Structures are given as structure tokens and as C-alpha cells.
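Have a look at the structure below before the remarks.
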Amino acid sequence: MKKLVIVAALAAAFGSAQAQQTVKIGMPLTLSGQFADAAAQMLNGAKTYMKMHGDTVAGKKIELITKDVGGPAPDVAKRLSQELVVRDNVDILAGYVLTPNAMAAGDVSAEAKKFMVVMNAATSVVITKSPYMIRTSVTLPQVMETFGTWAATKGGIKQSYTMVTDYGPGHDSENAFTSAFKAAGGSMAGAVRFPVANPDFSAFVQRAKDIGPESIFIFIPGGAQPAALGKAMAERGIDKKKTRVLGSGETTAEAALKSMGDTALDIITAWHYDYMSSNKLNVAFVKEYNAVSNGRNPDFFSIGGYDGMHAIYETLKKTKGNTDAEAMIAAAKGLKWESPRGPMMIDPETRDVVQNVYIRRVQKVKGELTNVVFDTIPMVKDPAGERRKQAADKK
Amino acid sequence: MANARRFEVAFWLCTLLPFVLAPSYLSLASQIAITALFALSLDLILGYAGIVSLGHAAFFGVGAYAAGLIAKNYWSEPLSALLVSGFAAGVLGYALSHIIVRFRHLALIMLTMGFGLLLHEAFNSASAITGGADGLQGFRVPDVLGFKFDMFGRTAYAYSLAVLFVCFLICRRIIHSPFGLALRGIRENATRMPAIGAPSLSHLRKAYTIAALMAGVAGALLTQTTSTVSLDVLSFGRSADVLVILILGGAGRLYGGLIGAVIYMVARDQFSGMNPQYWYFWIGLLLVAVVMFLPNGILGGLSALDKKRQ
Amino acid sequence: MLTSAVGVLFDGFAYGMLLFLLSVGLSVTLGMMNFVNLAHCSFAMVGGYATVTLVNRFGWPFLATLPMAFFAGAIISLVLERTLFKRLYRATDLDQCLLTIGIVFISIAAFAWFYTTEQQSARPPEWLRQSIPVGNLNLAGYRLFLIVFGLAVTFLLFFFIEKTRFGAQVRAAVDNQRMARGLGIDVDRAFMLTFALGGGLAGLGGALAIEVVGLDPTFALAYLVYVLIVVAVGGLGSIGGSFAAAVVLGISDMAGKYYFPWLGAFLIYLVMVALLMWRPLGLFGKR
């Protein structure tokens with residue numbers, strides 16, 4: 001036992017002697033497999049930030065060390081996070097596309113006392129796994145509960161039918177939207193869940209059509225599915241004037257819009273970021289992003305990575321380069337800034353992301369299908385986090 | 001024979017080397033040991049009884065979730081939980097074995113795959129109990145026999161290695177017993193065995209149950225050493241991976257699964273470290289190379305080379 | 001009630017046609033040569049990416065790219081067969097598995113490298129994407145196209161296998177290789193061309209699938225499971241078997257999702273397990 005501690009201490013000392021001038025950020029990402037695209041976009045977002053703002057902060061050089069987790073594999077994510085801490089001596093853990101991976105890494109962040117930035121994983125409880133963790137992406141309750149409330153009030157919708165994918169984020173969205181929608185006076189016509197690997201939606205869409213609800217709420221992951229669903233809806237003749245179609249931002253992402261074509265018109269979505277936003281910061285971001293990523297446009301994975309790096313940079317500036325987790329988390333709490341997505345803040349109590357939620361409708365602008373923002377709910381806090389706080393305060 | 005013994009002793013002594021030579025790789029070593037145990041359990045039915053299974057992760061997963069649920073809801077002592085989890089997987093294996101052993105060839109492979117996929121779906125749907133895609137949360141296995149599970153993975157590796165060794169000895173006993181010989185007989189010629197009075201179906205069922213139990217132990221080990229468990233322990237990918245590993249090492253040679261696990265996982269770790277986005281390419285190349293130059297897996301190829309020399 | 005049943009049948013049949021195109025090649029080569037080719041969906045992927053490249057980068061009309069997708073699949077499978085697979089015809093099933101899985105991994109990495117991991121789309125012409133109202137139903141034009149196309153391919157295959165001399169040679173080689181050789185049939189050539197045909201059909205399937213399920217480098221693994229199910233349930237070496245299995249699975253998948261959505265993904269696996277337990281050799285399998 002003692003020998004190992006000495007070996008480790010020597011390694012750390014040697015490592016840190018070199019690391020005096022470098023801040024190492026370890027990023028376990030799902031670079032291969034089903035979620036490879038999300039990780040690639042996230043990494044490109046981070047790299048774009050570094051390109052735009054230089055790779056030196058508070059006198060130290062920033063170094064990214066990426067590892068492949070391969071998919072939802074918390075055992076691998078935990079091991080890689082541990083190895084990054086123990087072997088590569090990283091100062092900060094960042095990235096984490098998927099919830100189970102972020103949860104497992106949270107343990108490492110808490111035990112090894114390392115500042116951790118979650119750049120995507122969107123399940124609310126993730127933030128509770130470590131006191132040194134912040135999140136710069138989004139939480140599903142944040143968007144979906146807001147959407148549910150909006151739909152029943154300003155949206156003027158009285159009834160809805162939910163169709164979500166049968167997995168964690170799908171269940172969370174269904175619960176969040178339904179509870180908020182009902183609380184604001186709406187009623188539910190029913191709910192259905194798609195299997196995760198579902199190539200064909202026509203049967204489900206036909207069922208929805210037969211029920212004939214006033215609105216349909218959809219949550220499906222990005223990739224091939226939104227387009228397939230959009231096509232199924234067009235094929236079945238869902239008239240969006242009669243049946244309002246509500247969705248999460250992934251439903252009308254770039255690839256989905258391209259594939260759905262005009263069948264996407266009039267879909268209403270709630271989300272925190274769109275690459276076509278005319279916000280000046282965003283226009284500059286997209287331009288740099290196109291250069292870094294060989295012509296691709298950013299998506300919400302990219303902005304999570306971009307803002308994650310921003311949070312790291314600003315925190316380091318505040319701590320003057322000190323990477324001690326206590327110092328960093330103290331500096332990160334309450335951090336406020338203007339991002340290409342709009343205004344953002346790290347909640348000083350829950351350490352979670354606070355941002356605008358935009359309500360958008362797909363319309364043709366200058367001949368191109370665009371998510372046009374027509375309503376904004378400003379600076380929304382994660383409602384699930386708020387409820388946890390209230391429950392804890394009551395005790 | 002003495003030669004073989006020497007290699008075996010050397011092999012097991014080498015498994016202790018990571019403690020000294022690669023202390024920062026012990027978490028990886030622990031996961032290799034667990035995978036080796038999983039592959040060994042598959043070898044029992046594939047290499048020795050001739051049952052090709054594309055759904056062996058079902059038992060791995062049941063053991064893993066059992067260990068997690070025990071730690072979450074009942075008690076946190078790992079060794080007893082390990083035995084209970086293995087037993088749970090064994091029970092499932094026993095139940096399924098009644099169906100499995102009646103089939104051969106492609107139908108057998110697809111049935112094992114089908115059961116694996118069905119179980120995966122079932123665990124996904126029962127998300128109230130299993131946590132679904134987010135994984136089982138809210139449990140910890142802090143230590144085993146008083147040794148804390150540390151960040152370096154020392155305790156994890158020692159624990160996994162010890163369990164692997166014990167299970168290996170048990171496997172060896174089984175293989176060399178009359179039961180094991182009967183299994184090999186069934187593998188060689190299934191039609192002849194009943195003719196000489198060996199009840200083959202019950203033998204196969206027994207083997208399948210033992211293999212399931214062992215796979216469940218491996219799964220439980222993973223849960224306990226990482227304090228995490230999520231749906232990927234039941235995935236088709238995990239079943240396919242362990243099959244690839246066993247074929248790579250050489251099925252039916254007792255050490256094939258262990259060698260395969262070491263080679264595959266070290267290669268994967270190194271390749272993905274060098275090239276996180278495209279390491280699939282190098283792993284694929286490795287597999288193709290092994291097949292072209294070392295038929296019947298690494299151990300098979302080595303023994304063929306050995307025979308050529310003699 | 002009736003109209004929705006017809007709708008489900010229609011959609012299920014179309015989905016079945018897609019599965020058939022993707023699987024028939026594997027069924028024939030597995031039955032004929034006993035060669036376990038898990039890289040079959042990589043051939044489909046090659047065809048899909050061929051179409052994507054021709055449509056998006058070179059502006060070809062979608063339908064014109066279909067023969068090219070066929071050729072792409074055929075050529076790639078031919079090249080692999082001549083260079084690697086040929087040497088393992090006598091190897092164990094397990095070794096064949098390992099080799100072809102290695103090829104799948106390589107293909108996934110290669111396509112991720114050239115095309116990135118982004119979702120691809122290749123739009124068929126507008127007139128194919130129309131919905132055709134039939135009574136109370138809205139039948140999707142593209143699905144109708146899939147059904148017509150699938151049936152046409154099936155008839156062509158049957159004609160080819162049953163009525164031509166080459167087809168007779170293939171059938172002989174499937175039934176009894178040694179005898180066929182003894183009769184002077186060039187079995188190697190029959191293997192080679194059948195393999196190419198199977199790969200070509202997979203490529204065609206991959207191209208047609210883009211509009212329904214999309215395309216990215218993980219396609220080669222994601223659809224392998226479905227293809228294996230069709231092949232096993234249909235019976236090795238049987239075109240009619242693949243057809244029947246694909247249709248049954250496609251329709252039961254659709255019907256399940258429409259009438260019992262809570263069963264979701266379970267249904268297709270349950271159907272497979274049930275059918276295999278009833279008929280272990282497949283619906284039309286011979287051995």
C-alpha cells in the first residue's frame with residue numbers, strides 16, 4: 001500500500017512539475033458507435049472555442065485529452081475517468097454525452113475532487129452526483145416542463161397525445177411535458193412509446209391519427225428517426241392545422257429538416273439552441289465552426305461543448321489558473337455570460353445550467369426551412385432541481 | 001505434460017505482474033479479468049459442448065443487476081451477493097436450457113440471440129426497478145473483506161483475479177471429469193452419444209446452467225468493482241464481443257477465453273487511445289489478420305505451429 | 001377498423017420487401033456455400049453510400065443510382081470473395097464469423113472516415129413521394145414503389161433460378177456440391193457469381209432503405225440482427241423462404257406496433273423465437 005502511494009505521489013509530482021504550465025482537460029466521449037456523431041459535434045464545439053479564444057488562459061496552456069467510451073457504458077466511463085485522473089493527471093473532467101456515463105464519472109469527480117463540466121447529459125439528477133460538477137448543456141425538465149406549461153397557456157392547446165421513445169430521456173420528457181401540461185389545465189388523450197431501435201413509425205402515426213387529438217407531443221432522439229417520423233406523418237396525412245405537432249428541438253434538427261422537406265412545416269418545437277439563429281455571436285460561431293468541422297453546421301451538442309469550454313476559461317480566469325476543485329466550483333457558481341444561444345448562467349446553488357427556452361415554428365425563410373422563434377421564456381431554471389432544493393430545505 | 005504445467009504456472013504468475021509493472025492500469029486489468037471469466041463461461045458451452053450462443057450476455061446481465069439490486073436494497077457485503085447473483089443467473093440458465101438444448105445450428109444461435117434481446121427489452125421496460133437506460137442508481141459497494149475499492153483499482157483487480165482463478169480451477173475440474181469428457185463427446189458427435197448410453201440432453205443442460213452461473217458471477221463482479229450497472233451489460237454487443245474474444249483466443253482450449261480477453265481488450269484500449277475515433281479499423285484488421293494467419297484462434301494457431309515444428 | 005388493417009398490411013408488406021432485399025443474398029450464400037458472412041450488411045452500406053454520393057455530390061436522379069448501388073454491392077462482395085473469403089471456405093464457422101466481423105469493423109471505420117458519422121439522405125423524386133388516396137387510406141407512394149420493386153426482383157430471381165441454365169447450376173450446387181462438380185459444373189464460378197448477386201441485392205436494399213431508415217456508418221451492425229432473423233426464419237438457401245419470412249416479420253412488426261404498442265420491440269423477437277421453435281430449419285429450409 002505504502003509503495004503504491006509513493007509511486008503515485010512521485011508520478012503526480014513529476015506530472016505536475018510539467019503540468020505547472022498546462023491545464024489538462026480529460027474528455028471521455030462516445031467517439032465510436034451509435035452516438036459517435038454527437039461526440040464529434042461536441043468536440044468540434046470545444047475546439048471551435050479554443051480556436052476563437054486561443055489555447056492559453058491565465059498564463060496556462062489548455063490541453064484536451066479525449067478517450068472513447070464507445071456508447072452507454074458506465075463501467076468504461078468510470079474507468080476512463082479514473083485513468084485520466086490517475087494516469088494522465090488531468091485537472092478537469094469534461095464532456096459526457098450520455099447520462100449513465102456522466103453519472104458514473106460523477107463518482108470519480110467527487111472522490112478525486114476534480115472540477116467536472118457536463119457538456120451534454122440531460123437527465124436532471126446527474127448534477128447531484130458530485131459537488132464539483134457544473135452543466136452547460138440543458139436538462140430535459142427545463143425544456144419540456146416549460147413547453148407543457150406554454151402549450152396549455154399561451155399556446156392555447158387543450159388536449160395532447162404524447163409519443164416518445166421508450167428509454168430514459170423519452171420517459172423523462174413524457175413525464176415533464178405531461179405533468180406541466182396537466183398542471184396548466186390541459187388534458188391528455190393518451191400516450192404511446194416507440195421501441196428504441198424503431199425504423200418505421202407508420203403504425204404509430206396511424207394510431208395517433210385514429211385517435212384524432214388536438215395536438216401530438218413527440219420526443220425522439222436525433223439521427224435517422226426524426227426524418228422517418230416526419231415522413232410517416234406526411235404519408236398518413238396528418239394535417240398540422242388540425243392537429244398541432246409539438247416536438248423537442250431534435251425533431252427539427254438540420255438533418256431532419258433536410259430529410260422531411262416541406263412536410264416539416266408548422267411543427268412547433270421548444271429548444272435552447274438553433275444554428276440558424278441570427279444572434280451576432282452565433283453567426284460568428286457558425287462561421288468558425290464550419291471551418292473547424294470541415295463544413296458541418298453546429299447543433300446543440302456543439303454548443304454544449306462550446307459553452308463548456310467558455311465556463312472552464314472564465315472559471316480559470318477567476319481563480320487565476322488555480323485548478324483546485326474547491327476554488328473552481330466556487331468561481332463557477334453564478335457565472336453569467338452571453339452565449340451564441342443567448343444569455344446563460346450557472347445556478348449558484350444547484351450548479352446547473354440556466355438559460356432561455358425558445359418556442360419555434362418551422363417556416364420557410366428565404367426559401368429555406370427554418371426554426372423561427374416566436375416566443376421566449378427567459379432564464380429558466382431546471383424545475384426538477386428546484387423541487388429537490390425545496391424538498392431538502394423543508395427537512 | 002510438464003511443459004504445459006510450466007506454461008500454466010507462468011501464466012498465472014504473470015497475472016500478478018500488473019500490480020508491480022503497471023499500477024495505473026489495474027482498473028483495466030480488473031475489467032480484463034472479468035471479461036476473461038465471462039469468456040471462460042462461454043467456452044464451457046461453446047468450446048466444450050458445442051453450443052454457439054449469441055445471447056450469453058443475458059446471464060452476465062442478470063448477475064450484474066442482481067448484485068446491484070442486492071447492494072441497493074438489501075446488503076452491501078459483496079462475496080455473499082456474488083454467490084446469490086451467480087445463483088440467480090444459474091436459475092435462469094437452467095430454465096432456458098430446457099429449450100436451448102433441443103436445437104442445433106442456426107436455430108440454436110438465433111434462439112440464444114432472441115432470448116438475449118428479449119431480456120434486454122424486459123430490463124429496459126422495467127425501468128422502475130432497473131433504472132432503465134440511465135442505469136441503476138443509488139447504490140455503492142464500498143469494500144470487500146475490509147479492502148476499500150480504491151481509485152487505482154487495486155482492490156478491484158485483486159478481487160476479480162481471485163474469483164477468476166477459483167472459477168478457472170472449477171472449470172478445469174469439470175473439463176477433466178467424466179462429465180467433461182462426455183461433453184466433448186457430444187460436441188464431436190451428437191448422434192452417437194445416446195448409443196453408448198450417455199444421456200446427452202441432461203449433460204448439455206447441466207453445462208449450460210454452470211456456464212450461466214459463471215457468467216452471472218462475472219457480471220456481479222463488474223457491478224461490484226465499479227458500483228455501476230446499466231443496460232449495456234445485457235446488450236447484443238456484449239454477447240457478440242465475448243464470442244469474438246473466445247474465437248480470437250481459441251475455443252475449447254480452456255485458456256482461449258483468457259488469452260482472447262487479454263489480447264482484445266489491451267488492443268482495444270491501445271487502439272482507442274491512439275485513435276479514439278477510428279480504432280474500429282485497427283481492431284478489424286487485427287481480427288482479419290488473426291483469422292488469416294492463426295486458424296482456430298491464437299491458441300489454435302500456436303499449437304498448429306508447435307506441431308509443425310515437431 | 002378494416003381500413004386500418006389494410007393500412008397495416010400495406011406498410012408491413014413494404015417493410016418486408018425492404019428486409020427481403022437486404023436478406024435474400026445472405027440466405028442464398030449461407031445455404032449454398034455454408035459461408036457465414038456477417039459482413040453482408042456492409043455490402044448494403046456500400047450500396048447506400050454509392051447512392052448518397054451520386055445523388056448529393058453528382059446530382060444523379062435517385063432511380064438512376066439504383067443499378068449503380070447494385071453494382072457497388074456486387075463488386076465489393078466479389079473482390080472480398082476472391083481475395084479473402086475463398087480461403088476460408090473450409091474453415092470453421094467460428095473463424096468465418098471472426099473474419100467477417102473484422103471486415104464489418106473495418107467498413108464502419110472506413111465509412112466514418114470518408115463520410116463522417118452524419119446521417120445521410122438521398123431523396124427520391126417528388127412523384128414517388130406522393131401519397132395516393134385509396135378509399136379512406138393514404139398509401140405512401142414510396143412504399144408502393146418498394147412493394148412493386150420488391151415483387152419485380154422476386155420474380156426476376158425466381159425466373160433466373162428456375163428457368164435459366166445458370167440457375168440450374170446454382171440449384172445443383174446448393175443441393176449437392178460434390179455431385180454438381182462431378183457433373184462438370186463449374187461450382188466455383190457459380191459460387192462467385194451468386195455471391196456477387198447476393199451482394200448486389202444487398203447494395204440495392206441499402207440504397208432503397210435510406211428513405212425509410214436513413215444511413216450512417218453503424219448501419220452495417222444495426223441491421224445485421226434483422227437480416228439474420230429473416231434468414232433463420234426463412235430457411236437457408238431458400239428465396240421463397242426469405243420472402244415469406246420477410247413478409248411475416250414485416251407485417252407482424254407493423255401489426256404489433258399498431259395493435260399492441262406496449263409490446264414494442266418484444267414482438268419481432270417473440271415472433272422469431274416462436275417460429276424457430278416451431279420450425280427450427282426455417283419456414284422453407286431444407287437442412
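The values are calculated or read from the model by the stated rules, or taken from the named source; none is laboratory data. Keep in mind the model is a prediction, meaning the values are calculated, not measured. Here the Cβ positions follow ideal geometry from the backbone for every residue, glycine too, while neighbour counts run over all protein chains shown. The protein model used for the area step is the full one, side chains on, heavy atoms only, and it has no ligands, DNA or RNA in it. Shrake-Rupley method; radii C 1.70, N 1.55, O 1.52, S 1.80 Å.
Per DSSP H run of n ≥ 4, the term is -39500 (n - 2.57); total these for chain B, divide by its residue number, and report the mean residue ellipticity at 222 nm rounded to 500 deg cm²/dmol.
-24000 deg cm²/dmol
If you take the square roots of the eigenvalues of the alpha-carbon gyration tensor of region C:110-194 and sort them as a ≥ b ≥ c, do you get rounded (a/c under 1.5), prolate (a/b over b/c) or oblate?
The shape class here is oblate.
What number, in nm² with one decimal, is the all-direction average of the projected area of the convex hull of the alpha-carbon atoms of region C:23-89?
Over all viewing directions, region C:23-89 projects a mean Cα-hull area of 4.6 nm².
What are the lysines whose alpha-carbon lies under 23 Å from the alpha-carbon of A:Lys258, with same-chain residues fewer than 8 places away excluded?
Straight-distance partners of A:Lys258: A:Lys231, A:Lys240, A:Lys241, A:Lys287, A:Lys364, A:Lys366.
What does the accessible area per residue of the protein assembly as shown come to in Å², with a 1.4 Å probe and no ligands, DNA or RNA counted?
38 Å²
Give the longest segment of chain B that steers clear of trypsin sites (Lys or Arg not before Pro) in DSSP loops with at most 16 neighbouring Cβ atoms within 10 Å, not counting the sites themselves.
That would be B:193-310.
Whenever you get a sec, compute what percent of the accessible area on chain B sits on carbon and sulfur atoms (1.4 Å probe).
68 percent
Per residue of B:120-132, how many C-beta atoms from partner chains lie within 10 Å of its own C-beta, taken as a mean?
3
Please compute, for peptide A:28-35, the average count of beta-carbon atoms on other protein chains lying within 10 Å of each residue's beta-carbon.
Mean shielding by partner chains, rounded to a whole number: 5.
For region C:76-184, state which trypsin sites (Lys or Arg not before Pro) are in a DSSP loop and have at most 16 other beta carbons lying within 10 Å of their beta carbon.
Taking region C:76-184 and a limit of 16 other Cβ atoms within 10 Å, the loop trypsin sites (Lys or Arg not before Pro) found are C:Arg90.
Taking 60 Å as R0, compute the FRET efficiency from the Cβ-Cβ separation of C:Phe114 and A:Asn322 and round it to 0.05.
The value I calculate is 0.85.
In Å², nearest 100, what accessible area do chains B and A bury in total when the solvent probe is 1.4 Å?
When B and A are taken together, about 3000 Å² of accessible area is lost.
DSSP loop (so not H, G, I, E, B), at most 10 other Cβ within 10 Å: list which trypsin sites (Lys or Arg not before Pro) in region A:310-382 pass both filters.
A:Lys366
Normalised by the number of residues in chain C, what is the relative contact order in percent for Cα pairs under 8 Å and 6+ residues apart?
Reported as a whole number, the value is 37 percent.
Once you average over the residues of C:271-278, how many Cβ atoms of partner chains fall within 10 Å of each Cβ?
Average neighbour count from other chains, rounded to a whole number: 4.
Quick check: the distance between the Cα centres of region B:39-80 and region B:244-263, to the nearest angstrom?
For region B:39-80 versus region B:244-263, the Cα centre distance is 18 Å.
What accessible area, summed over both chains, is buried at the C-A interface (1.4 Å probe, Å², nearest 100)?
2400 Å²
For chain A, just the Cα atoms, rotate onto the principal axes and tell me the three extents in Å, largest first.
Result for chain A: principal-axis Cα extents of 70, 51, 35 Å.
Just from its helices, what would the mean residue ellipticity at 222 nm be for chain C, if runs of 4 or more DSSP H residues each count -39500 (n - 2.57) and the sum is divided by every residue, rounded to the nearest 500 deg cm²/dmol?
It comes out at -24000 deg cm²/dmol, rounded to the nearest 500.
Which residue, C:Phe43, C:Thr53, C:Ala122, has the largest displacement toward the positive end of the dipole of chain C when charges sit on each Cβ (Lys, Arg +1; Asp, Glu -1)?
Final value for the positive-end residue is C:Phe43.
Calculate the all-directions average of the projected area of chain B's alpha-carbon convex hull, and give it in nm².
17.1 nm²
Given contacts defined as C-alpha pairs under 8 Å and at least six residues apart, what's the relative contact order of chain A, whole-number percent?
17 percent
Mean-square fluctuation check for chain C, GNM, Cα pairs under 10 Å: which of C:Gly141, C:Gly59, C:Gly214 is largest?
It is C:Gly59.
If you take the square roots of the eigenvalues of the alpha-carbon gyration tensor of region A:95-192 and sort them as a ≥ b ≥ c, do you get rounded (a/c under 1.5), prolate (a/b over b/c) or oblate?
Since a/c reaches 1.5 and a/b is larger than b/c, the shape of region A:95-192 is classed as prolate.
Please check: in the Gaussian network model of chain B (C-alpha springs, under 10 Å), which one of B:Ala39, B:Ala261, B:Ala182 has the largest mean-square fluctuation.
B:Ala182
Can you order the peptides A:25-33, B:81-89 by their average number of other Cβ atoms within 10 Å per residue, highest first?
Those peptides, ordered most packed to least, come out A:25-33, B:81-89.
For a quick check, take a GNM of chain A with Cα springs below 10 Å and name the residue from A:Ile127, A:Ile211, A:Ile303 with the largest mean-square fluctuation.
Residue with maximal mean-square fluctuation among A:Ile127, A:Ile211, A:Ile303: A:Ile211.
Under the √(5λ) rule applied to the eigenvalues of the Cα gyration tensor, what semi-axes describe the equivalent ellipsoid of region C:98-158? Give them in Å, descending.
They are 34, 19, 10 Å, listed largest first.
List the longest stretch of chain C that has no exposed loop site; here a site is one of the chymotrypsin sites (Phe, Trp or Tyr not before Pro) assigned by DSSP to anything other than H, G, I, E or B, with at most 13 other Cβ within 10 Å.
C:90-261
What value, in deg cm²/dmol to 500, does the helix sum -39500 (n - 2.57) over DSSP H runs of n ≥ 4 give at 222 nm once divided by the residues of chain A?
-14000 deg cm²/dmol
Quick one: angle between helix A:383-394 and the longest Cα principal axis of chain A, in degrees between 0 and 90, rounded to 10, please.
60 degrees
What quantity of accessible surface, computed with a 1.4 Å probe and excluding non-protein components, is buried in total between chains C and B, in Å² to the nearest 100?
So the buried area, both faces added, is about 3100 Å².
Run through the DSSP bridge list for chain A and note the antiparallel percent, rounded to the nearest 5.
If we restrict to bridges inside chain A, about 40 percent are antiparallel.
With N set to the number of residues, divide the alpha-carbon radius of gyration of region C:155-257 by 2.2 N^0.38 Å and report two decimals.
Against the empirical 2.2 N^0.38 Å value, I get 1.26 for region C:155-257.
Need one number: nm distance between label points at C:Arg82 and B:Leu83, each 7 Å from Cα along Cα→Cβ, rounded to one decimal.
In this crude label model, C:Arg82 to B:Leu83 measures out at 6.3 nm.
Is region A:307-364 best put as rounded, prolate or oblate by its Cα gyration tensor, with a ≥ b ≥ c the root eigenvalues, rounded for a/c under 1.5, and otherwise prolate when a/b is larger than b/c, oblate when not?
Verdict is prolate for region A:307-364.
State the three equivalent ellipsoid semi-axes of region A:208-344, derived from the C-alpha gyration tensor as the square roots of 5 times its eigenvalues, in descending order and whole Å.
The three semi-axes for region A:208-344 are 38, 17, 12 Å.
Cα extents of region A:345-395 along the three principal axes, largest first, in whole Å?
Sorted largest first, the three principal extents are 56, 16, 12 Å.
Debye sum, Cα scatterers, chain C, no solvent: what log₁₀ I/I(0) at q = 0.13, 0.15 1/Å?
-0.89, -1.18
Tell me the angle of helix A:36-53 to the major Cα principal axis of chain A, expressed in degrees between 0 and 90 and rounded to the nearest ten.
Relative to chain A, helix A:36-53 is tipped by roughly 60 degrees.
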